[in-house]
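Some notes on the structure that comes next.
The values are calculated or read from the model by the stated rules, or taken from the named source; none is laboratory data. The shown structure was predicted, so the numbers you read here are calculated from the model rather than taken from an experiment. When we count neighbours, we look across all protein chains shown, and the Cβ atoms used for this are built from the backbone with ideal geometry, even at glycine. Surface accessibility is based on the protein's heavy atoms, side chains included, excluding ligands, DNA and RNA. Shrake-Rupley method; radii C 1.70, N 1.55, O 1.52, S 1.80 Å.
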Amino acid sequence: MSDMIIVSACLAGQNCKYTGGNNLELHIVRLVEQGKAIPVCPEVLGGLPTPRPACEISGGNGHDVLAGRAKVFNLDGKDVTAEFVAGAKIILEKAIKQHGVKVAILKERSPSCGVNIIYDGTFNSVRKPGQGVLAALLSQYGVKLYSEEDHWELLK
Ligand code: SF4
């Protein structure tokens, strides 16, 4: 088991957010600089460009997407489910299975990274309880998940 954690790359200041910007959190940047955290972006790893149209899960949550019961669409109506699942699986294989990472701090409300909350698929800014695709996959493999809004500093 590894003490290393993974963090959403946008929280570490990488400009991988769908807008082309980031969601910088200085305490997470510090974790990366201290060599304690690895930044990852499942949507970029899955082959999506940056910037890209906003995406939401339609018909369920990340667990439903992984089970084939729901899909991810972008604002233009394109089905991007395959890219979302592919990126999440790359992180599962490299970080979790190969390196034994057991903890992740992920960006809340993202259709990939949301830990407790996602949007409802209508693109009307309506939130609902649920996990994004990466969060769902990691939780299924026993990874302890925190959002940047959780009290993950209890870890230290
Ligand atoms: Fe950040 Fe996750 Fe969205 Fe990538 S997929 S930009 S890491 S919230």
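Of all the numbered requirements in (1) open to solvent by 30 Å² or more (accessible area, probe 1.4 Å); (2) touching a helix residue (DSSP H, G or I) at 6+ places or on another chain (Cβ under 9 Å); (3) of a type outside the set (Lys, Arg), CYS16 misses one, and that requirement is (1).
Only one of the numbered conditions (1) away from the ligand (no atom under 13 Å from the Cβ); (2) surrounded by fewer than 18 Cβ atoms within 10 Å (Cβ to Cβ) is violated by GLY130, and that is (2). Residue-level check: of (1) in a strand (DSSP E or B); (2) open to solvent by less than 60 Å² (accessible area, probe 1.4 Å), ILE38 misses just (2). Report yes if some residue within the stretch 62-84 is within 22 Å of ASN116 (Cα to Cα), near the ligand (Cβ under 10 Å from one of its atoms) and in contact with a strand residue (DSSP E or B) (Cβ under 9 Å, 6 or more places away or on another chain); otherwise report no. The answer is yes, given that some residue of the stretch 62-84 is within 22 Å of ASN116 (Cα to Cα), near the ligand (Cβ under 10 Å from one of its atoms) and in contact with a strand residue (DSSP E or B) (Cβ under 9 Å, 6 or more places away or on another chain).
When residues in the stretch 72-90 are screened for being more than 21 Å from VAL143 (Cα to Cα) and surrounded by fewer than 18 Cβ atoms within 10 Å (Cβ to Cβ), 6 of them pass.
Residue check: ASN124 meets all listed conditions (1) more than 16 Å from the ligand (Cβ to nearest atom); (2) under 20 Å from VAL40 (Cα atoms) but one, namely (2). Within the stretch 22-35, the residues that satisfy the criterion of being assigned to a loop (DSSP other than H, G, I, E, B) and either within 9 Å of the ligand (Cβ to nearest atom) or touching a strand residue (DSSP E or B) at 6+ places or on another chain (Cβ under 9 Å) (or both) are ASN22, ASN23, GLU25. Quick check on ILE57: is it farther than 22 Å from VAL101 by Cβ, at pLDDT 95 or above and either away from the ligand (no atom under 11 Å from the Cβ) or among the basic types (Lys, Arg) (or both)? Yes: the conditions hold for ILE57. Within this structure, GLU93 passes the test of being among the acidic types (Asp, Glu) and either open to solvent by 50 Å² or more (accessible area, probe 1.4 Å) or away from the ligand (no atom under 12 Å from the Cβ) (or both). Within the stretch 100-117, the residues that satisfy the criterion of being in contact (Cβ under 8 Å) with a residue 60 or more places away in the chain, away from the ligand (no atom under 11 Å from the Cβ) and surrounded by 14 or more Cβ atoms within 10 Å (Cβ to Cβ) are VAL101, LYS102, VAL103.
Does GLY47 fit the bill of being more than 14 Å from the chain's Cα centre (by Cα), open to solvent by 20 Å² or more (accessible area, probe 1.4 Å) and over 21 Å from ALA12 (Cβ atoms)? Considered against the rule, which asks whether it is more than 14 Å from the chain's Cα centre (by Cα), open to solvent by 20 Å² or more (accessible area, probe 1.4 Å) and over 21 Å from ALA12 (Cβ atoms), GLY47 comes out as no. Filtering the stretch 19-35 to residues that are buried (at least 19 other Cβ atoms within 10 Å of the Cβ) and acidic (Asp, Glu) leaves only GLU25.
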